Amino acid sequence: MDTGAVIELLGRDGQVRMVHKLQGWPCSIGRSPACDMVLDDAHLAGQHARIELDENGVARLLLLPSLNGAAVGRRKFEAGAALTLEPGAVFQIGASSLRLRRAADPLPPELALLPEAGPQRKVLLPALLLLWLGLLWFDQWSALNPGSPWIQYSGAVLGPLAVLLLWAAGWALLTQLFQHRFPFVAHLWRALLSVAGLHVLTFGLPVLAYAFSAPRLLVLDALLFPLGLAAMLWWHAVLVWPRARRALVWGLGGLLFAALLLMAARKQDQQHLFGPLYLSTLPPPEWRMVQPKPPEALIESLRPLEAELARKAAKDETDEPAESD
């Protein structure tokens, strides 16, 4: 007799909470101690269901007299029904979600363990942290007057650091809740790599736009923050819900699309939907890699406006007597 089978009790997160090894067929399930698998579920009858094999070796769930019956997916079955259990199918009796697994059923692929913080990570993480703190210090230094006291730098550096540590701890707590592990270092590495990379790009793109007279690079600079934030959220979330990668992509992608639409709607009366109108801070002139354009080039670029301005001036002169009357 085929006894290579187990019944798994699943939690709300889909994780296995208990495994019952079948000693033989059939297997009765309920609250009564006379059952083969006893569950502490007030929504079950004493003997709620029985799993047995038919003459072809197919597992079937037989529902015994009860109030709540069973459900497979969104389909509900009353007492007295008999249904075939497909390999790996999850069925619910009462408030308990169960899954039958047999030795002949295909196993899902083995998941790799999260790599521990090796020697390279132990070196790169402090180096990346120092780089990001240095960028924060430089931002504050460029905004303050020369000779400002050092205390004015502490809030600009330590404040974001505290927020980053709390961010990583919050995601690690979520992972502890759903995956029963606390990967604080993994979440800290992902958060730090994301914010440091965004910081470098948001600093470098305006410099490149200034150096090479490429103002359209500022459009990419404006799109970096929502794109980077969505990517960072997805990178954290796949550690918490590794089986929901596709759903997370669709959900965060929809939110990102809505955010970009709102950003463009706020600037619909401007020339460009994304990016600032001008550089608020100019780098040193030595950083220019292209020759500046002469004033004559600016005047020549404005020539197409000459005819339009003349037309409006003529219209104003024509309308002036009518307004005085």
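List of remarks:
- When the range 281-303 is limited to residues that are of a type in the set (A, V, I, L, M) and within 44 Å of the chain's Cα centre (by Cα), the one that is farthest from S142 (Cα to Cα) turns out to be V290.
- Qualifying residue in the range 187-194 (condition: within 22 Å of the chain's Cα centre (by Cα), open to solvent by less than 70 Å² (accessible area, probe 1.4 Å) and closer than 30 Å to L39 by Cα): no
- Residue within the range 89-96 that is polar (S, T, N, Q), closer than 30 Å to R181 by Cβ and touching a Phe, Trp or Tyr at 6+ places or on another chain (Cβ under 9 Å) present: no
- Look at the range 171-183: where a residue is within 13 Å of V238 (Cα to Cα) and in a loop (DSSP other than H, G, I, E, B) and a partner is at pLDDT 85 or above and not acidic (D, E), sitting 6+ places away or on another chain with Cβ atoms under 7 Å, you get P183/A172; P183/T175; P183/L239.
Residues checked against (1) in contact with a Phe, Trp or Tyr (Cβ under 7 Å, 6 or more places away or on another chain); (2) hydrophobic (A, V, I, L, M, F, W, C):
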residue	(1), (2)
V6	no, yes
C27	no, yes
R31	no, no
A49	no, yes
D54	no, no
L63	yes, yes
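- Residue within the range 242-251 that is farther than 19 Å from L165 by Cα and in contact with a helix residue (DSSP H, G or I) (Cβ under 6 Å, 6 or more places away or on another chain) present: yes
- All positions within the range 236-247 that are surrounded by fewer than 17 Cβ atoms within 10 Å (Cβ to Cβ) and either closer than 20 Å to E110 by Cα or under 8 Å from the mean Cα position of the chain (by Cα) (or both): V238, W241, P242, R243, A244, R245, R246
- Filter pass, L100 being open to solvent by less than 70 Å² (accessible area, probe 1.4 Å), assigned to a strand (DSSP E or B), closer than 30 Å to H43 by Cβ and in contact (Cβ under 8 Å) with a residue 12 or more places away in the chain: yes
The values are calculated or read from the model by the stated rules, or taken from the named source; none is laboratory data. Since the model is a prediction, treat every value here as computed from it, not as a measurement. With ideal geometry, Cβ positions are generated from the backbone for all residues, glycine too; neighbour counts draw on all protein chains shown. Heads up: the accessible areas ignore ligands, DNA and RNA and are worked out on the full protein's heavy atoms, side chains in. Shrake-Rupley method; radii C 1.70, N 1.55, O 1.52, S 1.80 Å.
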